[in-house]
């Protein structure tokens, strides 16, 4: 197998250069990364005792994996907690030499198939990648039936910790499709995210294909936002040339920031970002803010500059409607003194209600002060109603003297209504409500 050939070359080079591979003596275990030695730390020894019943002793077989280690790996696979499995697998793999890590990979892959097997092999392949990236990747490629792509990415992450340029070039030389390539680049960037973010950004921005470059930069953004303050991440984007791709990264950063500190995110957008990008970022902040506190988000939307307010208010109301439905926003509107700035919210509410409660939707639509907006919303509600319940909609339209004349003409209704006064089409409990301006708006039941 290819990985055995690559591994054999490593051992020959090690022998020629006098580099010890896996030797240990006394009460220490080989460090293996630099040929030196380091004391076995107390936690590692405690973990080894837990999974084998014996202490971590000096290794008598420097060229292979001792039986005690095989027992440790076998028992680890029986642990139910995936977080514990992943952590302990990483600790165990981190102290094995090149020959031992290869033996561990072969041993684990030969055990009866079980879901935790892939997790343990991922930790092993990552460590193997640190020691010899090419042989680790060759092994992962041969392990087709145990999630070999996951193992390849683990090996790449390990290799990138030691030689990121070589790992990156390995992926560049093997085009296999956007999804797989992007995942491999992301694995490398994840390995570099905390160690050398500037270098990681340079790698991501250097990709020659736009789609892969966009994926890599977004992967870098996700990783950085998990561990660095947004202001620092924004500084990275300022190093990139202006482009729609950079705008997307700004937008993603604003969205993530607004999830936990919307006020700071909104302050940054309003004070630091110029148009036309600012309007897009304000909408992104509003949509994220709604996820945690929709009423506070709506209150903030009304403080935005008048030239940008309509878009932000509309986006906030649509996000709130999508998240909680019409009832909460209807109740909130019934506590507000309605102004022209509330028109986008009322319009969005009316169009949303048209799918489930057309009579209530019409009442809200008629609450719009702007006649053009009002006619548009009433027409849209009726059209939805005509598609869903044509008989009921036509009866209401025949009786509705206030319906737009163009709409009545489209469905063949005379200009004058058939009935002198339209019958009430709202359930009794929905006819009452707080009066806002000149229109009594229905209070919707919860869950509407």
Conditions (1) under 18 Å from residue 353 (Cα atoms); (2) at pLDDT 90 or above -> residue 425 fails only (2)
Can we say residue 211 is within 22 Å of residue 134 (Cβ to Cβ) and either at pLDDT 95 or above or touching a helix residue (DSSP H, G or I) at 6+ places or on another chain (Cβ under 6 Å) (or both)? no
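For residue 383, state whether it is surrounded by fewer than 20 Cβ atoms within 10 Å (Cβ to Cβ), over 35 Å from the mean Cα position of the chain (by Cα) and in a loop (DSSP other than H, G, I, E, B). Talk me through it step by step, then tell me what you get.
Details: surrounded by fewer than 20 Cβ atoms within 10 Å (Cβ to Cβ): yes; over 35 Å from the mean Cα position of the chain (by Cα): yes; in a loop (DSSP other than H, G, I, E, B): no.
Answer is no for this residue.
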Could you tell me which residue of region 253-267 is surrounded by the most Cβ atoms within 10 Å (Cβ to Cβ), considering only residues that are more than 14 Å from residue 280 (Cα to Cα) and in contact with a helix residue (DSSP H, G or I) (Cβ under 6 Å, 6 or more places away or on another chain)? 257
Among all residue pairs at least 6 apart or on different chains, which show Cβ distances below 7 Å where the first residue, located in region 157-184, is touching a residue at least 12 places away in the same chain (Cβ under 8 Å) and on the phi > 0 side of the Ramachandran plot and the second is in a helix (DSSP H, G or I) and surrounded by 15 or more Cβ atoms within 10 Å (Cβ to Cβ)? none
From the option list 76, 47, 65, single residue qualifying as buried (at least 18 other Cβ atoms within 10 Å of the Cβ) and modelled with pLDDT under 90 is 65
Looking at region 365-376, is at least one residue touching a helix residue (DSSP H, G or I) at 6+ places or on another chain (Cβ under 9 Å), surrounded by fewer than 18 Cβ atoms within 10 Å (Cβ to Cβ), modelled with pLDDT of 90 or more and assigned to a helix (DSSP H, G or I)? yes
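Residue check: is residue 281 closer than 27 Å to residue 310 by Cα, within 20 Å of the chain's Cα centre (by Cα) and crowded, with 21+ Cβ neighbours inside 10 Å? Write out each step before concluding.
On the way: closer than 27 Å to residue 310 by Cα: yes; within 20 Å of the chain's Cα centre (by Cα): yes; crowded, with 21+ Cβ neighbours inside 10 Å: yes.
Criteria met by residue 281.
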Of the numbered conditions (1) over 16 Å from the mean Cα position of the chain (by Cα); (2) buried (at least 19 other Cβ atoms within 10 Å of the Cβ), residue 250 satisfies every one except a single condition; which is it? (1)
How many residues of region 126-171 are out of contact with any helix residue (DSSP H, G or I) (no Cβ under 9 Å at 6 or more places or on another chain) and in a helix (DSSP H, G or I)? The answer is 1
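Please verify whether residue 53 is on the phi > 0 side of the Ramachandran plot and at pLDDT 55 or above, treating the condition exactly as stated. Step through it out loud before you land on a result.
Working: on the phi > 0 side of the Ramachandran plot: yes; at pLDDT 55 or above: yes.
Considered against the rule, which asks whether it is on the phi > 0 side of the Ramachandran plot and at pLDDT 55 or above, residue 53 comes out as yes.
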When every residue in region 31-44 that is modelled with pLDDT under 50 and out of contact with any helix residue (DSSP H, G or I) (no Cβ under 8 Å at 6 or more places or on another chain) is compared, the one nearest to residue 74 (Cα to Cα) is 31
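When only residues in region 391-400 that are surrounded by 14 or more Cβ atoms within 10 Å (Cβ to Cβ) and more than 45 Å from the chain's Cα centre (by Cα) count, which is nearest to residue 379 (Cα to Cα)?
Going residue by residue through region 391-400, those that are surrounded by 14 or more Cβ atoms within 10 Å (Cβ to Cβ) are 392-400.
Adding the requirement that they be more than 45 Å from the chain's Cα centre (by Cα) leaves 394-400.
Details: 394: 13, 395: 15, 396: 13, 397: 10, 398: 14, 399: 15, 400: 12 Å.
Across region 391-400, the extreme among qualifying residues is 397.
The values are calculated or read from the model by the stated rules, or taken from the named source; none is laboratory data. The structure displayed is predicted, hence computed values, not measured ones. Glycine also receives a Cβ, built like all others from the backbone with ideal geometry; neighbour counts cover every protein chain displayed.
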